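The values are calculated or read from the model by the stated rules, or taken from the named source; none is laboratory data. Bear in mind that the values here come from a model prediction, so they are computed numbers and not experimental data. Note that we place each Cβ from the backbone using ideal geometry, even for glycine, and neighbour counts take in every protein chain shown.
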Amino acid sequence: MIIDIDAASSFQYIGKFKEDEDIVKKALFKSNFTILHYINSDFLLNNRELVLTILKSNGKCINEMPEAIQKDRECFFLAARTPYFTSKVQSIYKIIESDREDFKSILQFNPDLLEKTIFKDDRELLKEALSHCGFCLRFASEEFKADKELVLTAVTKNGSALMYASPKLKDCEEIVLAAVTNDGKAIRFASKRLSNQKTLNCNIY
């Protein structure tokens with residue numbers, strides 16, 4: 001029998017054919033994985049290679065998979081190395097806390113993950129995260145928000161991250177100049193003294 005699965009929404013109605021491996025795989029890829037929540041959990045648990053292929057393409061799909069897969073270390077790290085990955089299972093972060101170096105390798109893809117782990121107070125890892133997303137400065141400690149090297153890393157990547165810097169660094173000409181060079185609008189986060197300085201305001205235009 002030939003099954004027309006062009007419409008992803010129709011997949012939920014095809015009954016026994018949900019157990020047909022070829023049909024399920026075809027439906028998954030044609031729907032860009034949007035029908036994942038209709039797939040039987042056992043089917044996914046018994047098709048590891050398919051799961052890994054899906055996660056490599058779209059890490060967010062892990063949220064539609066059985067918890068056993070979400071807590072699987074290989075699956076988690078594969079998913080976390082794709083853009084915009086998020087996990088609804090908070091306990092999952094215990095996995096990444098078990099291996100600092102593996103965690104460091106995913107920061108280039110999802111630097112915001114640092115906020116939810118014990119590593120957010122790790123200066124080296126924070127600097128790595130800031131080099132990919134300056135706005136990660138928002139969850140840094142007050143000590144790190146006053147760390148000139150870290151703040152410079154942040155504003156060089158995203159000028160408006162200046163908003164999270166300590167008052168002292170908002171009054172640092174080197175920091176503010178780097179920020180407005182990246183984003184002219186960042187001048188509004190500088191100290192009153194520097195925001196009125198003509199030489200800095202020239203970098204806005």
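Data for the structure
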item: Arg138 surrounded by fewer than 19 Cβ atoms within 10 Å (Cβ to Cβ), free of Cβ contacts under 8 Å to residues at least 24 places away in the same chain, among the charged types (D, E, K, R) and assigned to a helix (DSSP H, G or I); result: no
item: Where a residue in the stretch 92-118 is over 13 Å from Phe76 (Cα atoms) and its partner, wherever it lies, is acidic (Asp, Glu) and surrounded by 14 or more Cβ atoms within 10 Å (Cβ to Cβ), with Cβ under 8 Å and at least six apart; result: Arg100/Asp122; Lys104/Glu128; Leu107/Glu128; Gln108/Glu128; Pro111/Glu128
item: Residue in the stretch 90-104 that is surrounded by fewer than 16 Cβ atoms within 10 Å (Cβ to Cβ) and either modelled with pLDDT of 90 or more or within 30 Å of Glu21 (Cα to Cα) (or both) present; result: no
item: Filtered residue count, the stretch 97-127, keeping only those that are among the hydroxyl-bearing types (Ser, Thr, Tyr) and outside any loop (DSSP other than H, G, I, E, B); result: 1
item: So Leu107, is it surrounded by 21 or more Cβ atoms within 10 Å (Cβ to Cβ) and touching a His at 6+ places or on another chain (Cβ under 9 Å); result: yes
item: Residues that are crowded, with 21+ Cβ neighbours inside 10 Å and either in contact with a Lys or Arg (Cβ under 7 Å, 6 or more places away or on another chain) or of a type in the set (A, V, I, L, M) (or both), drawn from the stretch 151-165; result: Val151, Thr153, Ala154, Val155, Ala161, Leu162, Tyr164, Ala165
item: So Ala146, is it within 20 Å of Ser195 (Cα to Cα) and surrounded by fewer than 17 Cβ atoms within 10 Å (Cβ to Cβ); result: yes
item: Residue check for Phe43: surrounded by 13 or more Cβ atoms within 10 Å (Cβ to Cβ) and within 23 Å of Asp122 (Cβ to Cβ); result: no
item: Among the residues listed as Leu162, Leu130, the single one being more than 13 Å from the chain's Cα centre (by Cα), more than 30 Å from Leu50 (Cβ to Cβ), of a type in the set (A, V, I, L, M) and part of a helix (DSSP H, G or I); result: Leu162
item: Scope the stretch 67-80; condition in a loop (DSSP other than H, G, I, E, B) and crowded, with 17+ Cβ neighbours inside 10 Å; matching residues; result: Asp72
